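Colleague: The structure that follows is given in the form of structure tokens.
The values are calculated or read from the model by the stated rules, or taken from the named source; none is laboratory data. The model shown is predicted, which means the values in this text are computed figures rather than measured ones. Here the Cβ positions follow ideal geometry from the backbone for every residue, glycine too, while neighbour counts run over all protein chains shown. Please note that ligands, DNA and RNA were not included when accessible areas were found on the heavy atoms of the full protein model with its side chains. Shrake-Rupley method; radii C 1.70, N 1.55, O 1.52, S 1.80 Å.
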Amino acid sequence: MAASIRLLARRIVRDAFRTINSSVSVRIVSSSCPSNLSACRCFSDGAADKSTHFGFETVSEGEKAERVYKVFESVAQKYDVMNDAMSLGVHRLWKDMLLHVMNPQPGIRLLDVAGGTGDISLRFLNYVRSQQERVARRTARANQTPSWQEISTSYTTPTEGIEMETEARESRAVVCDINKEMLKVGKQKAESMGVSSGLSWVVGDAEELPFDDDQFDVYTIAFGIRNVTHIDLALQEAVRVLKPGGRFMCLEFSKVTNPLLARLYDAYSFQMIPVLGEVIAGDWKSYQYLVESIRKFPDQETFKQMIEDAGLFSVRYHNLTGGVVALHSGFKL
């Protein structure tokens with residue numbers, strides 16, 4: 001309830017601020033979102049008049065939100081297959097690097113925004129459980145020859161206390177995405193992998209997250225922030241929902257630093273990726289948008305400055321595969 005009230009208050013203040021800045025008189029209008037886009041935010045006339053980019057096209061902000069939604073609704077069923085095909089499987093290494101840099105400990109609460117089919121969250125839970133198993137094995141080896149006192153203590157310690165401590169230290173991941181079709185595919189994938197504990201799925205907008213303040217230890221957004229209409233608002237929301245000391249991590253396509261690699265990358269992107277999209281997913285246009293949206297996203301230093309402007313500290317980035325992808329990280333103090 002508190003989250004809903006805060007969300008409504010933020011929306012009212014934000015819409016009023018935009019109206020003043022754009023000098024547009026706001027009038028009450030009926031919903032302009034298609035009926036099948038129930039998760040999509042509806043925009044006032046003022047927002048619709050403001051332009052932004054959809055790939056290389058210039059469109060209204062309202063139109064971009066709708067078209068991005070339709071892109072991912074269209075590709076949801078083949079999304080994971082296309083990721084493997086487009087990157088030749090390298091996206092798995094990029095995501096593994098994110099987890100390696102994060103190095104989550106037991107008890108961490110993760111918010112995986114634009115989490116789609118749950119790749120990051122599933123890796124996160126697997127990483128934490130692997131760590132716990134490693135610690136348990138080390139403990140078992142260390143206790144192979146326990147003393148009589150240790151044996152006596154193990155018999156007298158209530159098992160309930162051990163179970164409560166384990167439960168308290170259980171890590172949890174929340175996959176949040178505006179697209180219901182992507183979440184549906186993600187749920188099916190998690191079920192097929194036998195993963196249910198510690199994982200939840202929430203329909204939500206990166207610009208207006210349906211969570212209270214100071215809720216999460218880590219916020220991740222992987223290959224999603226370039227699709228957000230207002231990146232600055234998404235970053236502000238990341239800061240809001242992170243706990244003090246929490247970490248923001250963004251994995252996104254960026255600017256290639258090597259000129260030769262840049263030429264090869266551009267040739268592959270524009271000539272091959274839309275073709276793969278047509279052959280595998282039956283959707284040329286969505287993957288043409290993907291390629292174009294990458295070129296419209298800010299470079300590493302510009303995005304770093306945007307993260308700092310949002311209020312995060314110790315912001316750094318690592319280039320992966322020569323800058324094809326960058327991993328940005330920052331902390332909330």
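Colleague: Taking amide H atoms as placed 1.01 Å from N in the peptide plane, list the residues 5 or more away in sequence, or in a different chain, whose amide H sits under 5 Å from that of residue 59.
Modeller: HN-HN under 5 Å from residue 59: 52, 53, 54.
Colleague: Any idea how far the Cα center of region 123-144 sits from the one of region 294-321, in Å?
Modeller: Cα centres, region 123-144 to region 294-321: 34 Å.
Colleague: Let me ask you something else. Please compute the modelled spin-label separation between residue 262 and residue 285, points set 7 Å along Cα→Cβ, answer in nm with one decimal.
Modeller: Those two pseudo-labels are separated by 3.1 nm.
Colleague: Using a simple spin-label model with points 7 Å from Cα along the Cα→Cβ vector, what separation in nm is obtained for residue 58 and residue 295?
Modeller: Distance between label points: 1.7 nm.
Colleague: Hey, another quick one. What does the charge count near residue 194 come to, summing +1 for each Lys or Arg and -1 for each Asp or Glu among other residues with Cβ under 14 Å from its Cβ?
Modeller: Once positives and negatives cancel, what remains is +2.
Colleague: How much accessible area per residue does region 256-333 have, in Å², with a 1.4 Å probe?
Modeller: 51 Å²
Colleague: Suppose the chain between residue 133 and residue 189 were pulled fully straight at 0.36 nm per residue; how much longer would it get relative to their current alpha carbon spacing?
Modeller: Between residue 133 and residue 189, full extension yields 17.8 nm more.
Colleague: Ok, one more. When only the heavy atoms of the protein chains count and the probe is 1.4 Å, how do 212, 119, 309 rank by accessible area, highest first?
Modeller: 309, 212, 119
Colleague: Can you sort 197, 293 by solvent-accessible area, 1.4 Å probe, largest first?
Modeller: Final ranking, largest accessible area leading: 197, 293.
Colleague: Hey, another quick one. Cα centroid distance between region 197-224 and region 251-286, in Å?
Modeller: Between the Cα centre of region 197-224 and that of region 251-286, the gap is 28 Å.
Colleague: With every protein chain in place, what's the accessible area of residue 232 (1.4 Å probe, Å², nearest 10)?
Modeller: 80 Å²
Colleague: Can you list the HN-Hα couplings for region 93-98, worked out from phi with the Karplus curve (6.51, -1.76, 1.60; θ = phi - 60°), rounded to whole Hz and with x for Gly and Pro?
Modeller: Once rounded to whole Hz, the list reads 5, 4, 5, 4, 5, 4.
Colleague: List, in order, the whole-Hz ³J(HN,Hα) value for each residue of region 198-203 obtained from phi through the Karplus relation with A = 6.51, B = -1.76, C = 1.60 and θ = phi - 60°; use x for Gly and Pro.
Modeller: x, 10, 9, 10, 10, 7
Colleague: Show me, for region 304-320, the HN-Hα J-couplings you get by feeding each phi into the Karplus relation (A = 6.51, B = -1.76, C = 1.60, θ = phi - 60°), rounded to Hz, glycine and proline as x.
Modeller: Working through the residues one at a time gives 4, 5, 4, 5, 5, 4, 6, x, 8, 10, 6, 7, 9, 9, 10, 7, 10 Hz.
Colleague: Provide the FRET efficiency to the nearest 0.05 for the residue 278-residue 100 pair, computing r from the beta carbons and using R0 = 30 Å.
Modeller: Result of the calculation: an efficiency of 0.30.
Colleague: Taking 0.36 nm per intervening residue step and subtracting the Cα-Cα distance, what contour gain separates residue 305 from residue 213 on full extension?
Modeller: 30.8 nm
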